[in-house]
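Structure first, then comments.
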Amino acid sequence: MVTLEMLASLANLGGSLRGDPKSSYPTGSTRLHKIPHGSPMITLQETTAAPQSLDYQSSAYRDAYARINAIVIEGEVEASDNYLRLAELVPDAAEELRKLARMEQKHMKGFQACAKNLNVEPDMPFAKAFFQELHNNFQRAAAAGDLTTCFVIQSLLIECFAIAAYNIYIPVADPFARKITEGVVKDEYLHLNFGEMWLQQRFPEVKAGIEQANATNLPLIWKMLNQVDKDVEVLGMDREAIVEDFMIAYGEALSKIGFSTRDVMRLSAQGLRAA
Amino acid sequence: MFGLIGHLTSLSHAQKVAERLGFKEYADNDLEFWCMAPPQVVDEITVTSITGQQIKGHYVESCFLPEMLSSGKVKAACRKILNAMALAQKWGIDITALGGFSSIIFENFRLEALKRVRDIDLEIRRFTTGNTHTAYIICQQAVSACKHYGINLSQAAVAVIGATGDIGSAVCRWLSQRCDVSKLLLVARDQERLQNLQGDLGQGTILPLEAALPQADVIIWVASLSQGIPVDLAALRDPCIVIDGGYPKNMANLMQRPGLHVIDGGMVEHALDIDWNIMQFLNVANPARQLFACFAESMLLEFEGLHTNFSWGRNHITVAKMEEIGALSRKHGFRPVMPA
């Protein structure tokens, strides 16, 4: 006699989706885990398609929004300042970089309007502190003429973080903010592209510098995200989804710049475990 | 260009593979990390047909793990599949097979409603479940095994466990229309679907699992059970053929008894070596040539320039489509995996 527990994982899924505390992944050594082809075993109790019901006017939402919105505004301010600084350092591309800065300022105004729309006062001191370490690293690199680090911080890390956060925010945003964010995220892809191209054209000479800047600054991104874990959740966003989206955008950028898949997997996950 | 979206069997399997490939960040990490890990294109594949035609493809590791479902991380699971599909499309892959859990998740969680993935609108015509080829190969395996083990199908009882699923129902249609099976035993959980299937087939006996198994000369297992059930191996017929149509292929290890012949169902072997690395990690007997028939379907569609979702949705597989994909399978040098 042998016990066949076919498709134990899916079977237990049914239980877990129903909140059955007894269901757990099988640990028995003789159990069979089966995936059927085309089985209807998964119970449709939950679907990612279902929009979450968020009360945009609740005090909990608006409290969390005050910090997240401030971060977004400050992020756009940082981005604008960084591009203006880069325009001084890269005269050849100054005009293009100043254009990017102007776009970031426009984004900032859009997000300020989002706060007004929900009657929220953005917590700017919190946001300033939030960006401080990354801000300092950019300023130090700029002062030293380390363009590689500047581009990694602004064009890759900040842009990818923004893209990831905006992508995950859009489906759960209030209608006013959704429209604005949808417009912004399109621009951010363009900004990412600018940095990618700059680094790609100089890949052999900047490769080591990118790795170094990544090792120093990517752990900061994870740390920053951890700080707003709870707020992000209140806004209906999924932290895991933001990280995954970030790693996708950042990985794609590194890949375009010239890194191998192996390098991309190593670089984009750097420091995540410790975070 | 063709693509395969696959995943590993379990967290421990994934960690081992990552370690062997030298991806330390992935090897050292737990399920939470895998829930955040993005899909990756990890292998380039070259397949040569026996006609001499050569095609290229990519293996996309979705980073999905079955534990995501069992621990209730449904959103992560759905994200893995959608992101892997978006990546395949972004790479310009014309036809991609959704292997293992991928197509089940897509269908059961109705991901079709979420076709917009970031800046990409998923084009469903670029994807196939591969179920038509899988169903065809399972039928061929059943027929060949009967010949091999001296079972006369016209006097035999064939039990299809999971008869109402996409593959199960296709297998039933084939057996009804193309084989002179003495008795077709239909086993599934949903009685209404079973009765509809029986009506469509115009034949078949609906039985509970425990009643069907001891009567069956051939058991085609393409289903799941909601709980563990005791199977008395001594009560199964001698000889008895079991086609293991699930994933991973593990019935052969557990169901051992003289006169019981377990065959890895839905597996094909190519006549020529395939140039790829990933298969060595998927626990198949001959990694240079053996693969899941669903994966092979995307290769067949690429060989023929049929860039369309040949297998999609539930219970749309016709005998004509099985014959069509079967002919292409033979034309390009694939054959069902059979015991030596």
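Rule-based calculations on the coordinates, nothing more; no lab input. Since the model is a prediction, treat every value here as computed from it, not as a measurement. Reconstructed Cβ throughout: ideal geometry from the backbone, glycine too, with neighbour counts over all protein chains shown.
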Decide, for the range B:134-267, between rounded, prolate and oblate: order the square roots of the alpha carbon gyration tensor eigenvalues as a ≥ b ≥ c, take rounded if a/c falls under 1.5, and otherwise choose prolate if a/b is larger than b/c, else oblate.
rounded
Least to most buried among B:125, B:289 (fewest other Cβ within 10 Å first):
B:125, B:289
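Viscosity 0.890 mPa s, temperature 25 °C: what is the translational diffusion coefficient of the protein assembly as shown from Stokes-Einstein with a Kirkwood Rh over Cα pairs, rounded to a whole number of µm²/s?
The diffusion coefficient I find is 94 µm²/s.
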In whole Å, how far is the Cα centre of the range A:144-200 from that of the range B:183-223?
55 Å
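Cα-Cα pairs above 17 Å in the range A:81-222: how many percent?
Working: 6359 of 10011 pairs.
For the range A:81-222, the share of Cα pairs beyond 17 Å comes to 64 percent.
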Using the Cα atoms as the points, what is the convex hull volume per residue of the range B:250-340 in Å³?
139 Å³
Counting all Cα-Cα pairs in chain B, those more than 31 Å apart amount in percent to 32 percent
So, in Å, what gap is there between the alpha-carbon centers of the range B:21-60 and the range A:203-275?
20 Å
Dipole axis of the range A:59-268 (+1 Lys, Arg; -1 Asp, Glu on Cβ), positive-most option in A:217, A:194, A:171
A:194
Given charges of +1 on the Cβ of Lys and Arg and -1 on the Cβ of Asp and Glu, with all other atoms neutral, how large is the dipole of the protein assembly as shown about its Cα centre, in debye to the nearest 20?
940 debye
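Charges only on Cβ, +1 for Lys and Arg, -1 for Asp and Glu: so what's the dipole of the range B:80-236 about the Cα centre, in debye to the nearest 20?
Numbers: 14 positive and 14 negative charges, 82 e Å.
It comes to approximately 400 debye.
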Which one, B:301, B:129, B:316, is farthest towards the positive end of the dipole of the protein assembly as shown when Lys and Arg carry +1 and Asp and Glu -1 on their Cβ?
B:316
The range B:10-161, dipole about Cα centre (Lys/Arg Cβ +1, Asp/Glu Cβ -1), debye to the nearest 20
300 debye
Whole-Å distance, taken between Cα centres, linking the range B:62-116 and the range A:99-113:
35 Å
Please name which of A:184, A:206, A:136 has its Cα lying farthest along the dipole of the range A:59-268 towards the positive end, using unit charges on Cβ (Lys, Arg +1; Asp, Glu -1) and the Cα centre as origin.
A:184
How do B:184, A:190, B:82 rank when sorted from fewest to most other Cβ atoms within 10 Å of their own Cβ?
A:190, B:184, B:82
Using a 10 Å cut-off around each Cβ, can you sort B:23, B:127 from fewest to most neighbouring Cβ atoms?
B:23, B:127
On a 0 to 90 degree scale, rounded to 10, what angle separates helix B:131-148 from the longest Cα axis of chain B?
40 degrees
